[in-house]
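Take a look at the structure below.
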Amino acid sequence: MSITSTLTDGRVAGRAADSEFVRRLKRRRTNETVFICLGLAATSIGLIALAALMIDLAASGYPRLTADFFTNFPSRRAGQAGILSAWVGSLLVISVTAFIGVPLGVAAGIYLEEYAPKNIWTNIIEINVSNLAGVPSIVFGLLALGLFVYGFGTGRSIFTAGLTLALLILPIIIVATREAIRAVPWSLREAAYGVGATKWQVTQDHVLPAAVPGVLTGVIIGISRALGETAPLVTIGALSFIAFLPPSPVSADFPFISFAWLFEGFTVLPIQAFNWVSRPGDDFQSNAAAAGLVLMAITLVLNGVAIYFRYRLRKKLQW
Amino acid sequence: MASALTVWERRRQRLRERAIEFVLLVAAASSVFVTLAIVAVLIYESLGFFSSVPITDFLFGTVWTPLFSNPQYGILPLLGGTLLSTFVALLFVAPIGLVTAVYLSEFASPRVREIIKPILELLSGVPTVVYGFFALLFMTPLLQTFIPNLPGFNILSAGIVIGIMIIPYVASLSEDAMRAVPNNLRDGSLAMGATRLETAVRVVLPAAISGVAAAFILGISRAVGETMIVAIAAGQQPNLTLDPREPAATITAYIVQVALGDLPHGSLAYQTIFAAGLVLLLLTLVFNIAGFWLRHKFREVY
Amino acid sequence: MNTHTAPTMSSATIGAAGEMLAGRPKITAKNVNVYYGEKQALFDVSVNIPEKSVTSFIGPSGCGKSTFLRCFNRMNDTIPTCRVTGDIEIDNADIYERGLDVVQLRARVGMVFQKPNPFPKSIYDNIAYGPRIHGLARSKTDLDQIVESSLKKAGLFEEVKDRLHESGTGLSGGQQQRLCIARAIAVGPEVILMDEPCSALDPIATARIEELIDHLKENFTIIIVTHSMQQAARVSQRTAFFHLGVLVEEGVTQMIFTNPRDRRTQDYITGRFG
């Protein structure tokens, strides 16, 4: 390629072809290639860690995943121990969490996005929500211990645990609800207002239905987080050795429904796993791996569903 | 338009609207009550603690043995453990997170990015107790092949696994910040004959720097508050050390350790976990405020 | 566009334009086609761009003029679905040749964008960016000199000489655009592409840029895309009119405006569409 100097002062012009420029360019291109390799390596470290973690869990826990493992209570003998009380406990605790956390979070999200006036109070609530999201989970455990267990006297119960986790995932649900509502186009609201609907009618009949997938994504992520939480429940004193099930919520006698289970002691899957991992001996650690495997499976399924929802949402969002 | 609603019906409807708005407001305000309750509980129990232990002993003491017969209440060993494990995590995640973010934002095709990002984000969804297992029974044995005298419990292994846990916070959020940089800046740089790497490092990254910093700070805040990984893999003896190969308890691990025992409500030892919790809350608060401020600043640039 | 009279030109400009016809072609494009995925945006465009003069591309929006401009520094490469066929040569060398590095090409062919896009850095660092990445300065004083002379050539030096280390984004729109021109000059290009450089500016800032373009043509080959016919008439020696991805007509500017050969060109310049 022939280059002629075109600048009158000629000082920098035409350098694009001189040998120094070309030599330098070669180095710049090499740097770029090196970086791309580094980028691939760095990105794969995260992926490799995830894979290593799952393979490690599966290798040590998979043989323990028999039907008995799901139907046995914990035992002093590793080979006979199971997670019956743990998964039942997780199920009950998470029901309480969802029952309290979802309506509260969605309502708060609706208020902040649709109703809140632009004033200092709204600002305080908003800053507070984002701050609450950054509070370590174990601090929620301290709150529950000081206020619920001893202050309100709800004890080390399923109710206390469910309530604590509900507060923990509140910011996640609020933020997801707000984002989902914000994505609903303004024209939809105008159309509804235009035919004389009240604010709540607009919200209930038009905005919320359109926001459901986004809200659901947040709820699922929140529930998944709550299911895996250990620290706050350890703090309120969840027991790790429970060889019984709480009383059934449905009974044969009138009034057929009982809430006695709410105030029973409990254990949950992550706490059971924690208990086993801190015991010496390979046998118990296999149990811990098996319980961890069950937890991972639940986490993966829930996150998969959430990713699917988000994917569908993004495709549909072109109104 | 003739309304079919009578005056009474309309009044009832108005009342209903007001009632609904009030209920929603209460729900939104509940998050503020949660924060207030957290602060109140921690301060209330800590006051009880500080009426028996001078605050200077607590802040500057270098020995933490509240459960011994001759108890000492210096928080420094626990604080040191927390900061050391956080530092190890940061050292591990900083290069990986940053390079991953630059790679995904500036080099990977949109398709690859769409697949990799959700998988990386799974790392923040893994239950922490599983990470604890991974640190104790995979990472530590792995490290022991390089560092022969590494004890079974150590800060290094816990810190690295915390680093893995916060990869999504650092990488994914940094990537978001970098992709928010308008394309016309990239075009400007490419049109001058900059390579994509030069554009990424000299134009995009500086333009997104506050968002990237906010992502790092959020990651640090997570690392500071992480409990199960350190409780399982870092050991439970308070140990004022700068050597990550040693075992050392963190603030969070101490709280777990105490909660696992059955301390009588109202005892001084019971109150220690609230005082420790208060320090933890203040520590994360500082990081959260810094991150919030940076994100805010970042939003104002464009 | 609602003008109904052909823009007037000074006799001096006409004389200069006439001479430009003899200038040797700096760039030759032959049978250029551009596709975005399945959609074809440019059809068989061939044109010669003379050296050290201003050539303007005009036409209604969506006509392909910006797409064509971006072929000359291969900015279209940054769009994954974009495909270019045909020949484009600068100084008789194919710029789409295999093995040619776009970095080298873009160091020779600078570009100024529609919206001023200074980097969020100081004025000094904005200008120094190109010389630094290309290693054009041998010392700090060398770099200082490049910055100063580039700013002078862009007519911005007097306005900013006391605040070289303040942010480039703090300048007014017109100053930002001149900063971007200075930034392009600093690399020492031979060709400068301008993609509607005044569309975001007020009339006074526009006039300054046009004045600057007139000066720059002594040293650079300039191609400017504009939606303003008056601007094309004021600054360019040759004009190419595009319509629906086709190069309808190309020639000496005042011929295009006073005596267009094609009906479509006539309709456009008399404001019947566009």
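Do you know which of the residues in the stretch A:262-314 that are more than 9 Å from chain B (Cβ to nearest Cβ) and outside any helix (DSSP H, G or I) is farthest from A:ALA161 (Cα to Cα)?
A:GLY281
Filter the stretch B:208-262 for residues that are in contact with a helix residue (DSSP H, G or I) (Cβ under 6 Å, 6 or more places away or on another chain) and hydroxyl-bearing (Ser, Thr, Tyr); which is surrounded by the most Cβ atoms within 10 Å (Cβ to Cβ)?
Once the filter is applied, the top-ranked residue is B:THR250.
Would you mention how many residues in the stretch B:91-104 are surrounded by fewer than 23 Cβ atoms within 10 Å (Cβ to Cβ) and either facing chain A (nearest Cβ under 9 Å) or out of contact with any Gly (no Cβ under 7 Å at 6 or more places or on another chain) (or both)? Spell out how you get there, then give the answer.
Step one: of the stretch B:91-104, the residues surrounded by fewer than 23 Cβ atoms within 10 Å (Cβ to Cβ) are B:91-92, B:94-96, B:98-99.
The next check asks that each one be either facing chain A (nearest Cβ under 9 Å) or out of contact with any Gly (no Cβ under 7 Å at 6 or more places or on another chain) (or both); those that pass are B:91, B:94-96, B:98-99.
Within the stretch B:91-104, residues that are surrounded by fewer than 23 Cβ atoms within 10 Å (Cβ to Cβ) and either facing chain A (nearest Cβ under 9 Å) or out of contact with any Gly (no Cβ under 7 Å at 6 or more places or on another chain) (or both) number 6.
Taking the criterion of being surrounded by fewer than 15 Cβ atoms within 10 Å (Cβ to Cβ), of a type in the set (A, V, I, L, M, F, W, C) and farther than 30 Å from A:PHE244 by Cα, would at least one residue in the stretch A:62-73 satisfy it?
no
Can you name the number of the only condition in (1) exposed (fewer than 13 other Cβ atoms within 10 Å of the Cβ); (2) in contact with a Pro (Cβ under 6 Å, 6 or more places away or on another chain) that B:ARG18 fails?
(2)
Determine which member of the set C:LYS52, C:LYS30, C:LYS121, C:LYS65 is in contact (Cβ under 8 Å) with a residue 12 or more places away in the chain, under 20 Å from B:PRO182 (Cα atoms) and touching a strand residue (DSSP E or B) at 6+ places or on another chain (Cβ under 8 Å).
It is C:LYS121.
Take the conditions under 17 Å from the mean Cα position of the chain (by Cα), surrounded by fewer than 24 Cβ atoms within 10 Å (Cβ to Cβ) and under 15 Å from A:THR43 (Cα atoms) and apply them to B:LEU173. Does it pass? Before you say what the answer is, go through the steps one by one.
Details: under 17 Å from the mean Cα position of the chain (by Cα): yes; surrounded by fewer than 24 Cβ atoms within 10 Å (Cβ to Cβ): yes; under 15 Å from A:THR43 (Cα atoms): yes.
Answer is yes for this residue.
Please work out if B:SER30 is at pLDDT 90 or above and in contact with a Leu (Cβ under 7 Å, 6 or more places away or on another chain).
For B:SER30, the condition - at pLDDT 90 or above and in contact with a Leu (Cβ under 7 Å, 6 or more places away or on another chain) - is met.
How many residues are surrounded by fewer than 18 Cβ atoms within 10 Å (Cβ to Cβ), of a type outside the set (S, T, N, Q) and within 13 Å of chain B (Cβ to nearest Cβ) if we restrict to the stretch C:51-101?
Matching residues across the stretch C:51-101 total 5.
Scan the stretch C:150-170 for residues that are farther than 23 Å from C:ARG106 by Cα, more than 13 Å from every other protein chain (Cβ to nearest Cβ) and not in a loop (DSSP other than H, G, I, E, B) and jot them down.
C:PHE157, C:GLU158, C:GLU159, C:VAL160 - these are the residues of the stretch C:150-170 that are farther than 23 Å from C:ARG106 by Cα, more than 13 Å from every other protein chain (Cβ to nearest Cβ) and not in a loop (DSSP other than H, G, I, E, B).
Just wondering, is there one or more residues in the stretch A:115-136 that are acidic (Asp, Glu) and within 22 Å of the chain's Cα centre (by Cα)?
yes
A:ALA176 versus (1) touching a residue at least 60 places away in the same chain (Cβ under 8 Å); (2) more than 15 Å from the chain's Cα centre (by Cα): which is the lone unmet condition?
The one condition A:ALA176 does not meet is (2).
Only residues in the stretch A:132-147 that are within 15 Å of B:TYR44 (Cα to Cα) and facing chain B (nearest Cβ under 7 Å) count as the first member; pair them with residues that are outside any loop (DSSP other than H, G, I, E, B) and among the small types (Gly, Ala, Ser), Cβ under 8 angstrom, at least 6 apart or cross-chain, and list the lot.
A:VAL139/B:GLY225; A:VAL139/B:GLY277; A:LEU142/B:GLY277; A:LEU143/B:ALA37; A:LEU147/B:ALA37
Is it the case that A:PRO136 is closer than 30 Å to B:HIS265 by Cβ, in contact with a Phe, Trp or Tyr (Cβ under 6 Å, 6 or more places away or on another chain) and buried (at least 19 other Cβ atoms within 10 Å of the Cβ)?
Answer is no for this residue.
Inspect the stretch A:96-103 for any residue being within 8 Å of chain B (Cβ to nearest Cβ) and closer than 20 Å to A:TRP200 by Cβ and give the result as yes or no.
Yes, the conditions are met somewhere in the stretch A:96-103.
Does at least one position in the stretch B:124-137 carry a residue that is of a type in the set (A, V, I, L, M, F, W, C), at the interface with chain A (Cβ under 10 Å from one of its Cβ atoms) and without any contact (Cβ under 8 Å) to a residue 12 or more places away in the chain?
Yes.
Which residue out of A:ALA42, A:ALA13, A:ALA51, A:ALA58 is out of contact with any helix residue (DSSP H, G or I) (no Cβ under 8 Å at 6 or more places or on another chain), aliphatic (A, V, I, L, M) and at pLDDT 80 or above?
A:ALA51
Looking only at the stretch B:49-76, which residues are in a helix (DSSP H, G or I) and surrounded by fewer than 16 Cβ atoms within 10 Å (Cβ to Cβ)?
B:ILE55, B:THR56, B:ASP57, B:LEU59, B:PHE60
With the structure loaded, tell me whether A:ALA210 is in the same structural domain as A:ILE172 (by TED's automatic domain parsing), among the hydrophobic types (A, V, I, L, M, F, W, C) and modelled with pLDDT under 75 or whether it fails that test.
Here the answer is no, as A:ALA210 does not meet what is asked.
Among all residue pairs at least 6 apart or on different chains, which show Cβ distances below 9 Å where the first residue, located in the stretch B:150-175, is within 14 Å of B:THR250 (Cβ to Cβ) and assigned by TED's automatic domain parsing to the domain that holds B:ILE96 and the second is of a type in the set (D, E, K, R) and assigned to a helix (DSSP H, G or I)?
As it stands, the answer is B:ILE162/B:ARG222, since those pairs meet every condition given.
So that you can scan it fast, the table gives a plain yes or no per residue for (1) away from chain A (no Cβ under 14 Å); (2) surrounded by 24 or more Cβ atoms within 10 Å (Cβ to Cβ):
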site: C:GLN114; (1), (2): yes, no
site: C:ARG138; (1), (2): no, no
site: C:GLU148; (1), (2): no, no
site: C:GLY174; (1), (2): yes, no
site: C:GLN177; (1), (2): yes, yes
site: C:ALA184; (1), (2): no, yes
site: C:PRO197; (1), (2): yes, yes
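Quick test for you: out of A:TRP87, A:TRP121, pick the one residue that is more than 8 Å from chain B (Cβ to nearest Cβ), among the aromatic types (Phe, Trp, Tyr) and buried (at least 19 other Cβ atoms within 10 Å of the Cβ). Spell out how you get there, then give the answer.
Working: A:TRP121 fails: buried (at least 19 other Cβ atoms within 10 Å of the Cβ).
Being more than 8 Å from chain B (Cβ to nearest Cβ), among the aromatic types (Phe, Trp, Tyr) and buried (at least 19 other Cβ atoms within 10 Å of the Cβ) holds for just one of A:TRP87, A:TRP121, which is A:TRP87.
In this structure, does A:ALA58 turn out to be surrounded by 13 or more Cβ atoms within 10 Å (Cβ to Cβ), within 19 Å of A:GLY292 (Cβ to Cβ) and free of Cβ contacts under 8 Å to residues at least 60 places away in the same chain?
Working: surrounded by 13 or more Cβ atoms within 10 Å (Cβ to Cβ): yes; within 19 Å of A:GLY292 (Cβ to Cβ): yes; free of Cβ contacts under 8 Å to residues at least 60 places away in the same chain: no.
The answer is no for A:ALA58.
With the condition kept exactly as written, say whether any residue in the stretch C:214-228 is touching a residue at least 12 places away in the same chain (Cβ under 8 Å) and either farther than 23 Å from C:ASN48 by Cα or more than 15 Å from the chain's Cα centre (by Cα) (or both).
no
Sort out which residues of the stretch B:168-182 are part of a helix (DSSP H, G or I) and either more than 9 Å from every other protein chain (Cβ to nearest Cβ) or in contact with a strand residue (DSSP E or B) (Cβ under 8 Å, 6 or more places away or on another chain) (or both), and write them in order of number.
Result: B:TYR169, B:VAL170, B:SER172, B:LEU173, B:SER174, B:GLU175, B:ASP176, B:ALA177, B:MET178, B:ARG179.
Among B:GLY193, B:GLY219, which is facing another protein chain (nearest Cβ under 10 Å), small (Gly, Ala, Ser) and either out of contact with any Ser or Thr (no Cβ under 9 Å at 6 or more places or on another chain) or not in a helix (DSSP H, G or I) (or both)?
Being facing another protein chain (nearest Cβ under 10 Å), small (Gly, Ala, Ser) and either out of contact with any Ser or Thr (no Cβ under 9 Å at 6 or more places or on another chain) or not in a helix (DSSP H, G or I) (or both) holds for just one of B:GLY193, B:GLY219, which is B:GLY193.
The values are calculated or read from the model by the stated rules, or taken from the named source; none is laboratory data. Keep in mind it's a predicted model, so treat the numbers as computed, not measured. Cβ atoms come from the backbone with ideal geometry, glycine included; neighbour counts cover every protein chain shown.
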